[in-house]
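Novice: Quick one: the structure is below, and I'll ask about it shortly.
The values are calculated or read from the model by the stated rules, or taken from the named source; none is laboratory data. Computed from a prediction, not measured in an experiment: that's the story for all the values here. Every residue, glycine as well, gets a Cβ built from its backbone with ideal geometry; the counts of neighbours run over all protein chains shown. Protein only, heavy atoms only, side chains kept; ligands, DNA and RNA dropped before computing areas. Shrake-Rupley method; radii C 1.70, N 1.55, O 1.52, S 1.80 Å.
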Amino acid sequence: IKNHFSSSKSSKAKKKSLTGKKILITAGPTREQIDPVRFISNNSSGKMGFALAEAAIELGGEVTLVSGPTSISPPKVNHLISIQTTDELYNAVKKQITKCDVLIMAAAPADFKPAEKKNNKIKKTDNTLSLNLEPTPDILKEISKLSTKKKPIIIGFALETENGIANAKKKLKEKNLDMIILNQTGKGRAFESDTNQVTVIRPKMRPLELELDSKANISVKLLDIIIDIL
Ligand code: CTP
């Protein structure tokens, strides 16, 4: 029995792992309240971020998950932080960034918020209604500007409906990322789905297209690449 245990232990030690690494993952949409009963948000389900968090835990990482409002429950992680707005997400990431080795921004933050939040419900009239929106912070852009002693590896996602690779490359550069994961759109991909198809883009490297797979399997493949970067 002793031999069996020691041999399985040594083979395990050779396997890739995230032991001792702190992984910060954001997931889900954010919500920008228009009035007490209405908000601006998007179709993000949180599934990709949750799958990554689950896989990172499996690999032995210490995971902090910052999640927007989702209809599915988040996986068991070391630290769970719930947020609603993009500003709250930004503050949470800013607070955690100095403590992590890897940041994976799988969240889909709302890019705009109402310039003015009404305290009472907007009543309907026969007229058209215009909402004045102002931009929210671009979290990745702001984070990559912060001068921290130890910069974590920063990974973003990109959702594009046209010119995917070109737009994702632009985001990789502008947001100063170590890697961007381009979500392909279409049936069985991205929003709400349990499956996804992604292309991994890294600076000075050829894009790597992963095949359509479950979000769980894609997470394992992505973390494998992240471990190599680490
Ligand atoms: N992101 C961010 N802060 C925002 C919006 C997005 O940090 N206010 C992050 C997302 O978490 C994702 C990456 O930036 O990792 C790209 O998000 P995406 O929605 O594809 O792009 P945007 O930067 O919002 O640009 P656009 O909407 O013009 O495509």
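Novice: Given the condition of a type in the set (Phe, Trp, Tyr) and modelled with pLDDT under 95, answer yes or no: does some residue in segment 2-19 qualify?
Specialist: yes
Novice: Can you tell me which of (1) hydroxyl-bearing (Ser, Thr, Tyr); (2) within 14 Å of the ligand (Cβ to nearest atom); (3) farther than 24 Å from Asp228 by Cβ is the one Ser130 doesn't meet?
Specialist: (2)
Novice: Further, regarding this structure: Tell me, please, whether a residue that is open to solvent by 70 Å² or more (accessible area, probe 1.4 Å), without any contact (Cβ under 8 Å) to a residue 40 or more places away in the chain, within 25 Å of Thr85 (Cβ to Cβ) and more than 8 Å from the ligand (Cβ to nearest atom) can be found in segment 175-185.
Specialist: yes
Novice: Provide a single number: the residues in segment 122-148 that are in a loop (DSSP other than H, G, I, E, B) and either among the polar types (S, T, N, Q) or open to solvent by less than 100 Å² (accessible area, probe 1.4 Å) (or both).
Specialist: Filtering segment 122-148 down to residues in a loop (DSSP other than H, G, I, E, B) leaves 122-132, 136-138, 146-148.
Cutting the leftovers down to either among the polar types (S, T, N, Q) or open to solvent by less than 100 Å² (accessible area, probe 1.4 Å) (or both) gives us 122, 125, 127-128, 130-132, 136-138, 146-148.
Counting residues in segment 122-148 that are in a loop (DSSP other than H, G, I, E, B) and either among the polar types (S, T, N, Q) or open to solvent by less than 100 Å² (accessible area, probe 1.4 Å) (or both) gives 13.
Novice: Quick one: how many residues across segment 178-196 are modelled with pLDDT under 95 and either among the β-branched types (Val, Ile, Thr) or in a loop (DSSP other than H, G, I, E, B) (or both)? Give the derivation first.
Specialist: Within segment 178-196, the subset modelled with pLDDT under 95 is 183-196.
Within this subset, residues satisfying the condition of being either among the β-branched types (Val, Ile, Thr) or in a loop (DSSP other than H, G, I, E, B) (or both) are 184-195.
Qualifying residue count, segment 178-196: 12.
Novice: Moving on to the next point. Every residue in segment 107-121 that is assigned to a loop (DSSP other than H, G, I, E, B), out of contact with any Asp or Glu (no Cβ under 6 Å at 6 or more places or on another chain) and within 10 Å of the ligand (Cβ to nearest atom), please.
Specialist: Ala107, Pro109, Asp111, listed by residue number.
Novice: Look at Ile139 and say whether it is within 9 Å of the ligand (Cβ to nearest atom), in contact with a Phe, Trp or Tyr (Cβ under 9 Å, 6 or more places away or on another chain), at pLDDT below 95 and hydrophobic (A, V, I, L, M, F, W, C).
Specialist: no
Novice: Quick one: which strands (runs of 3 or more DSSP E) sit completely within segment 24-101 and have at least 1 residues that are over 21 Å from Asp138 (Cβ atoms) and open to solvent by 40 Å² or more (accessible area, probe 1.4 Å)?
Specialist: Answer list for segment 24-101: 38-40, 62-67, 79-82.
Novice: Moving to a separate point now. Would you confirm, using the coordinates I've provided, whether Lys151 is in a helix (DSSP H, G or I) and away from the ligand (no atom under 12 Å from the Cβ)?
Specialist: no
Novice: State all residues of segment 154-173 that are surrounded by fewer than 16 Cβ atoms within 10 Å (Cβ to Cβ), part of a helix (DSSP H, G or I) and within 10 Å of the ligand (Cβ to nearest atom); if no residue qualifies, say none.
Specialist: Selection gives Lys170 alone.
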